[in-house]
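Below is one structure, written out as structure tokens, with a few remarks after it.
The values are calculated or read from the model by the stated rules, or taken from the named source; none is laboratory data. Source: prediction; values computed, not measured. Cβ atoms come from the backbone with ideal geometry, glycine included; neighbour counts cover every protein chain shown. In case anyone asks, the SASA skips ligands and DNA or RNA and just uses the protein heavy atoms, side chains included. Shrake-Rupley method; radii C 1.70, N 1.55, O 1.52, S 1.80 Å.
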Amino acid sequence: MLVCVRTCVRACVCVLPSAPLTYGQQTFLLLYLSSVFTGSYTGLLPDRNMSRAADRLRLLINHLDPSPASIVSFIPYTFETDLLTPEQRVFYEENGFLLIKNLVSEEDIDRFRKAFERICRQEVKVPGLVVMRDVAIAKSEFVPDQKAVSKLQDFQEDPELFRYCSLPQILKYVECFTGPNIMAMHTMLINKPPDAGKKTSRHPMHQDLHYFPFRPADRIVCSWTAMEKVTRQNGCLVVLPGTHQGTLQEHDYPEWEGGVNKMYHGVRGYDPQQPRVHLEMEKGDTVFFHPLLIHGSGMNQTQGFRKAISCHYASGDCYYIDVKGTTQENIENEALDIAVRKYGVEGDVHFKDVWMIRGRLVQGERLSL
């Protein structure tokens, strides 16, 4: 009889009714049942009859299997770490991003800004750092300051900037998506310039996984922190909720009249009418998002620069793949060409070699990566 009860309880979670639940509703049911079975229910569904039913189910499940892992182990995108609330886990499962307010202190952000400015003034040299300029100003005359720089990429050798990647308050959220072994794989400080009138400050809609030769995608996450107030006017992030549940799409340079910045590939053929969310943020707010989430940013229509700092993390258990013959081959060829020209690399160089150099362990063990 107990076996039958266990089967019925799990069937109510795993089998869809004739009117299918949404993905988020299914996940919510999983998390809710897990909480009531283990005594951690906090009143999300305060129905008296449901409460009595939950008491009976809890009594039964205590005789069967008290572990919530037996119920939520197959939820694909997040781990149970006692940090994310059920509502937050459901939101990320259904939408592919999660915004945490006021996560990084103003003091830390000011330190990152000063480190950025020292690099722009060429007061320090950082090995491996890529300094990028917007295509609209790349060939113009300029003095060495932050107005000439639109992005720093691969700042892992700068101790002050890389400190962002190991902030405890960032890593405790990252662990919810990657697990305990955490590699910092890709670092950026974006300094979106005022648009020069050609809309080149836009970033086309894309999926970050297009750039990564490692998997699985569900164990990769980006943290993106606003270094000042980010609005639609200065080009906030734009996301297409739920697109992380799809597959990696074909990417290439969009055909924009004003030109496109180097390596700013975009998704080909996505539906521009798909519902989108503009992530307006305050200084210190941080958004975590899945590498298959389609996102981009609009042009900066203000006179100031819009700064953000970010890091892509992957589980130390992730592994490299060969992207030859896939939709990622174009970005592999471009990245290897840059490596040959910039660093004089010779011989048999592979895409994963570029990423192995970038990767840094920030928590736990470095395994496959």
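As a calculated quantity, the FRET efficiency between Asn330 and Ser166 at R0 = 51 Å, using C-beta atoms, amounts to about 0.95.
What does the net charge come to around Lys352 if you take all other residues with beta carbon closer than 11 Å to its beta carbon, with K and R at +1 and D and E at -1? Around Lys352, the charge tally is -2.
Averaged per residue, the stretch 98-363 has 44 square angstrom of accessible surface, using a 1.4 angstrom probe with ligands and nucleic acids left out. Based on Cα contacts under 8 Å between residues 6+ apart, the stretch 98-363 shows a relative contact order of 29 percent. Residues Asp317, Asp154 ordered from highest to lowest accessible area at a 1.4 Å probe: Asp317, Asp154. In this label model, Leu367 and Val130 are separated by 2.8 nm, measuring between points 7 Å along each Cα→Cβ vector. Counted residue by residue at 0.36 nm each, then reduced by the alpha carbon distance between them, the extension gain from Glu282 to Thr247 reaches 9.5 nm.
With a point put 7 Å past each Cα toward its Cβ, work out how far Asp271 is from Thr81 in nm, to one decimal. About 3.4 nm separates the two model spin labels. In this label model, Glu255 and Glu157 are separated by 4.0 nm, measuring between points 7 Å along each Cα→Cβ vector. Straightening the chain between Glu107 and Arg121 buys 2.9 nm, computed as 0.36 nm per residue apart minus the Cα-Cα spacing.
Quick one: which of Lys172/Lys229; Lys151/Lys307; Lys151/Lys324; Lys101/Lys229 span more than 20 angstrom between C-alpha atoms? Checking Cα-Cα distances, Lys172/Lys229; Lys151/Lys324 exceed 20 Å.
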